[in-house]
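Q: The structure is given below, and queries will be raised subsequently.
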Amino acid sequence: MAHRGGPSPARKHKPAKKHAGRGGPPARPTHKSGGHDRNHTFAKPGGVRHVRIDKTAVAAPDAAPRYPAQLLEQALAEQSPSTLVPGQWLWTMREGAERDLIEELLMAAPDGSSRPRRLGGALVMSAKPPPEREGRLDVTFARQGFRISQVAHTEDAAELASLLGPAFAAAVQSSENFALHVFVPDSTRGNELAGRAQALRDRLLASLPNATPIDDAQLRRHGGTIIQICVCDARTAALGCSSSDAALSLWPGGRARMRLGGDFPSRAARKLAEAFAWLGLSPGSGEVCVDLGAAPGGWSWLLLEKKARVIAVDPARMDTALMQNPRLKHVQGNAFDYEPEETVDWLFCDMAYRPLEVAQMLGRWARHRHTRLLVANFKLPMKRKVDMVERLRGLLSQQGFTGIRTRQLYHDREEITLSAHVR
Ligand SMILES: C[S@@+](CC[C@H](N)C(=O)[O-])C[C@H]1O[C@@H](n2cnc3c(N)ncnc32)[C@H](O)[C@@H]1O
């Protein structure tokens, strides 16, 4: 991330010794661990210092898997997409997050009945989806998922289109509006199949000249059926349908590329734009937003674009141009010490800090009814991310947050986005 106004990432900082502020992160020696550490800033009254965040510091010590270990081993042993059959579920995710999704599916059905299997980079299948949460499919580590209704196996492009043609025609006929998403897994190998996916789309549409799909902007505005086809490898493509209300994402394969106009201070703005698209909700004009871990100001920039009033809390400097906006106030300090003067509409948090401690601090906002809504991005550098997500959800729910949703969005890296509201 481009930190325009913040401290130089190259600068050397002393490790944190103890926290001096009220209610702040507990004094704790920092740990060293191989390979995965990242330096992040956090505040001390009167200054900024860096702490080292590592896997051991944020790992869930008491988290034992709630499913037999051999189920995970089996699921991780790669299986060819040529084994896919109708009735199974197909999932795409960030490349490298296959294990996270598999663990999530296993945790949701510890008896192994979901039978997840890795099919390759960014591609997993399962016998069934996890149980719905609050009436909807809510899977943290999948970008897109659908129940397969037809599978075709052939290397020949024309034959592939004719094998899928009848299922495609039936899906078109049974839907009022349809969008056609033909996509590939977002992996190095998967992306090489983009030409094959485009050719398949063209052939299917040419086979039904009177059927016109709606575009993605129309889909997001008016809804409809998404006919999904995943070109899994050079031989196999799977088709299924989702209604836009129930789909995990309204973007092909869940690749929600956010295009933002204007000069925004950090790429993090895209994460928040995607979160708003995912939630179908964003702040209105004049609403009060607190942005914890705001520097250099990508999120604050987007909130100001929405005409909200923003209190940005971060020990680091905010983008200079942004600071000219009269609707922005910068509290240059530690988020663990900050309390709002009155209840705010939205609490945002993108702090680079230990997730459980951040969640505890956010919990205080729910207990004191300091906010109505929460959108938080949690950094998850640890291996067992699924356990951590469960703990974060549990902790926030105990503290009074409800309607908790979690997702590793397209613009998220080793992190997830969480949304909730206060009961
Ligand atoms: C990923 S960056 C935030 C990017 C920001 N959302 C944007 O759109 O530009 C993480 C930020 O967390 C801030 N941070 C870390 N610990 C903090 C703390 N205890 N209080 C406030 N901010 C903190 C860092 O200074 C850093 O600016």
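The values are calculated or read from the model by the stated rules, or taken from the named source; none is laboratory data. From a predicted model like this one, the values you see are computed outputs, not experimental measurements. Every residue, glycine among them, receives a Cβ derived from its backbone with ideal geometry; neighbour counts consider all protein chains shown. Accessible surface is based on the protein model in full, side chains and every heavy atom, while ligands, DNA and RNA are left aside. Shrake-Rupley method; radii C 1.70, N 1.55, O 1.52, S 1.80 Å.
Q: With the requirement that a residue be among the hydrophobic types (A, V, I, L, M, F, W, C) and part of a loop (DSSP other than H, G, I, E, B), what does region 355-399 give you?
A: Keep residues of region 355-399 that are among the hydrophobic types (A, V, I, L, M, F, W, C), which gives 356, 358-359, 361-362, 365-366, 373-376, 378, 380, 382, 386, 388-389, 392, 395-396.
Passing the criteria: Leu380, Met382.
Q: Would you say Ala194 is without any contact (Cβ under 8 Å) to a residue 24 or more places away in the chain, farther than 22 Å from Ser174 by Cα and among the small types (Gly, Ala, Ser)? Steps first, please.
A: On the way: without any contact (Cβ under 8 Å) to a residue 24 or more places away in the chain: yes; farther than 22 Å from Ser174 by Cα: yes; among the small types (Gly, Ala, Ser): yes.
Considered against the rule, which asks whether it is without any contact (Cβ under 8 Å) to a residue 24 or more places away in the chain, farther than 22 Å from Ser174 by Cα and among the small types (Gly, Ala, Ser), Ala194 comes out as yes.
Q: Now for a separate question. Regarding region 383-400, can at least one residue be identified that is modelled with pLDDT of 95 or more, within 15 Å of the ligand (Cβ to nearest atom) and either open to solvent by 30 Å² or more (accessible area, probe 1.4 Å) or of a type outside the set (Lys, Arg) (or both)?
A: Scanning region 383-400, I find no residue that is modelled with pLDDT of 95 or more, within 15 Å of the ligand (Cβ to nearest atom) and either open to solvent by 30 Å² or more (accessible area, probe 1.4 Å) or of a type outside the set (Lys, Arg) (or both), so the answer is no.
Q: Of all the helices (runs of 4 or more DSSP H) wholly in region 152-269, which have at least 1 residues that are open to solvent by 40 Å² or more (accessible area, probe 1.4 Å) and among the hydrophobic types (A, V, I, L, M, F, W, C)?
A: On the way: elements: 157-173, 188-191, 194-207, 216-222.
It comes to 157-173, 194-207, 216-222.
Q: Now for a different question. Here are some conditions: (1) more than 13 Å from the ligand (Cβ to nearest atom); (2) open to solvent by less than 40 Å² (accessible area, probe 1.4 Å). Val313 meets all but one. Which one does it not meet?
A: For Val313, the exception is condition (1).
Q: For residues in region 291-310 being in a loop (DSSP other than H, G, I, E, B) and more than 7 Å from the ligand (Cβ to nearest atom), which is nearest to Ala359 (Cα to Cα)?
A: Of the residues in region 291-310, the ones in a loop (DSSP other than H, G, I, E, B) are 293-297, 306-308.
In the following step, the residues that additionally are more than 7 Å from the ligand (Cβ to nearest atom) were identified as 306-308.
Working: Lys306: 26, Lys307: 28, Ala308: 24 Å.
Going through the qualifying residues, I end up with Ala308.
Q: Identify, please: which residue in region 101-115 is closer than 26 Å to Ala237 by Cβ and open to solvent by 10 Å² or more (accessible area, probe 1.4 Å) and is, among those, nearest to the chain's Cα centre (by Cα)? Talk me through it step by step, then tell me what you get.
A: Start the filter on region 101-115 by keeping residues that are closer than 26 Å to Ala237 by Cβ, which leaves 101-102, 104-105, 114-115.
Restricting the remaining residues to those that are open to solvent by 10 Å² or more (accessible area, probe 1.4 Å) gives 104, 115.
Working: Glu104: 14, Arg115: 23 Å.
In this case the residue turns out to be Glu104.
Q: Follow-up question, since we're still on this one. Give Gly284, Gly262 a once-over and let me know the one that is on the phi > 0 side of the Ramachandran plot and either within 16 Å of the ligand (Cβ to nearest atom) or not basic (Lys, Arg) (or both). Explain how you work it out, then say what you get.
A: Values: Gly284 fails: on the phi > 0 side of the Ramachandran plot.
None of the other options fit; the residue is Gly262.
Q: Can you spot a residue in region 136-143 that is assigned to a loop (DSSP other than H, G, I, E, B) and surrounded by fewer than 20 Cβ atoms within 10 Å (Cβ to Cβ)? I'd like the intermediate steps shown before the answer.
A: In the first step, residues of region 136-143 are kept if they are assigned to a loop (DSSP other than H, G, I, E, B); the result is 137-143.
Subset that is surrounded by fewer than 20 Cβ atoms within 10 Å (Cβ to Cβ): 137-138.
Scanning region 136-143 turns up at least one residue that is assigned to a loop (DSSP other than H, G, I, E, B) and surrounded by fewer than 20 Cβ atoms within 10 Å (Cβ to Cβ).
Q: Taking the residues in region 336-351 that are over 21 Å from Phe276 (Cβ atoms) and not hydroxyl-bearing (Ser, Thr, Tyr) as candidates, determine which candidate is farthest from the ligand (Cβ to nearest atom).
A: Among residues in region 336-351 that are over 21 Å from Phe276 (Cβ atoms) and not hydroxyl-bearing (Ser, Thr, Tyr), the one farthest from the ligand (Cβ to nearest atom) is Glu342.
Q: May I pose another question? If you go through region 355-375 one residue at a time, how many are within 14 Å of the ligand (Cβ to nearest atom), open to solvent by less than 10 Å² (accessible area, probe 1.4 Å) and either touching a Phe, Trp or Tyr at 6+ places or on another chain (Cβ under 7 Å) or charged (D, E, K, R) (or both)?
A: 4
Q: Considering only residues that are at pLDDT 90 or above and β-branched (Val, Ile, Thr), which ones fall in region 49-85?
A: Result: Thr83, Val85.
Q: Can you pull out the residues in region 71-98 that are among the hydroxyl-bearing types (Ser, Thr, Tyr) and part of a helix (DSSP H, G or I)?
A: Going residue by residue through region 71-98, those that are among the hydroxyl-bearing types (Ser, Thr, Tyr) are 80, 82-83, 92.
Matches in region 71-98: Ser82, Thr83.
Q: Would you point out the residue of region 125-177, among those that are touching a strand residue (DSSP E or B) at 6+ places or on another chain (Cβ under 7 Å) and without any contact (Cβ under 8 Å) to a residue 40 or more places away in the chain, that is farthest from Gln88 (Cα to Cα)?
A: Step by step, filter region 125-177, then rank; the result is Leu163.
Q: Okay, next question. Within region 327-354, take every residue that is part of a helix (DSSP H, G or I) and over 22 Å from Asp412 (Cβ atoms) and give me the one that is most open to solvent (accessible area, probe 1.4 Å). Show your work before the answer.
A: Residues of region 327-354 that are part of a helix (DSSP H, G or I), as a first pass: 335-337.
Still in the running and over 22 Å from Asp412 (Cβ atoms): 336-337.
Numbers: Phe336: 6, Asp337: 39 Å².
In this case the residue turns out to be Asp337.
Q: Just checking, how many residues over region 316-326 are more than 11 Å from the ligand (Cβ to nearest atom) and part of a loop (DSSP other than H, G, I, E, B)?
A: Counting residues in region 316-326 that are more than 11 Å from the ligand (Cβ to nearest atom) and part of a loop (DSSP other than H, G, I, E, B) gives 4.
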